[in-house]
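Everything on this sheet refers to the single structure shown next.
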Amino acid sequence: MSDDKRNLPSRHLQRQETVNRSAIPLDRFKPGMAGTIVRIEPEEGELLRYLAVLGLIPQARFEVGEVGPFGGPVLIRLGRAEYALGRDVASKIFVKEA
């Protein structure tokens, strides 16, 4: 196999990159919308640990309950739990609509 072909990403990786690029920040979701977490950016250790404790990790499914006006929090449901996330945190969670 030539060096050129070995350096090309696999089709699976290319599909995954397409999925990741089409994700939008959670703070853009409207009440009643459901989705799946794709990634968290930037990957800040303290934020990642906090979200992991809540169960907000890639591939977790959620529903937006409410979005506070004037930059207020985003209320999400994850299973039986509900969490109010500040807009700054919600803007770092990239999601796809379910």
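The values are calculated or read from the model by the stated rules, or taken from the named source; none is laboratory data. Please read all numbers here as calculations on a predicted model, not as lab measurements. So basically every Cβ, Gly included, is an ideal-geometry build from the backbone, and we count neighbours across all protein chains shown.
Filtered by the rule that a residue be in a loop (DSSP other than H, G, I, E, B), farther than 22 Å from residue 97 by Cβ and of a type in the set (D, E, K, R), region 38-47 gives 43, 44.
Condition check ((1) modelled with pLDDT under 95; (2) within 14 Å of residue 95 (Cα to Cα); (3) in a loop (DSSP other than H, G, I, E, B)) across all residues:
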position: 27; (1), (2), (3): no, yes, no
position: 30; (1), (2), (3): no, yes, yes
position: 36; (1), (2), (3): no, yes, no
position: 49; (1), (2), (3): no, no, no
position: 59; (1), (2), (3): no, yes, yes
position: 64; (1), (2), (3): no, yes, no
position: 71; (1), (2), (3): yes, no, yes
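Residues of region 40-57 that are surrounded by 15 or more Cβ atoms within 10 Å (Cβ to Cβ) and in contact with a Phe, Trp or Tyr (Cβ under 8 Å, 6 or more places away or on another chain): 40, 56.
Can you find, within region 58-98, the residue that is nearest to the chain's Cα centre (by Cα) among those that are loosely packed, with under 12 Cβ neighbours inside 10 Å and either more than 14 Å from residue 25 (Cβ to Cβ) or of a type outside the set (Asp, Glu) (or both)? Applying the filter and picking the extreme gives 59.
Quick check, is residue 20 surrounded by 13 or more Cβ atoms within 10 Å (Cβ to Cβ), among the polar types (S, T, N, Q), modelled with pLDDT under 95 and more than 15 Å from residue 85 (Cβ to Cβ)? The answer is yes for residue 20.
Entry remark, region 70-98: residues being touching a helix residue (DSSP H, G or I) at 6+ places or on another chain (Cβ under 8 Å) and without any contact (Cβ under 8 Å) to a residue 60 or more places away in the chain number 10 in total.
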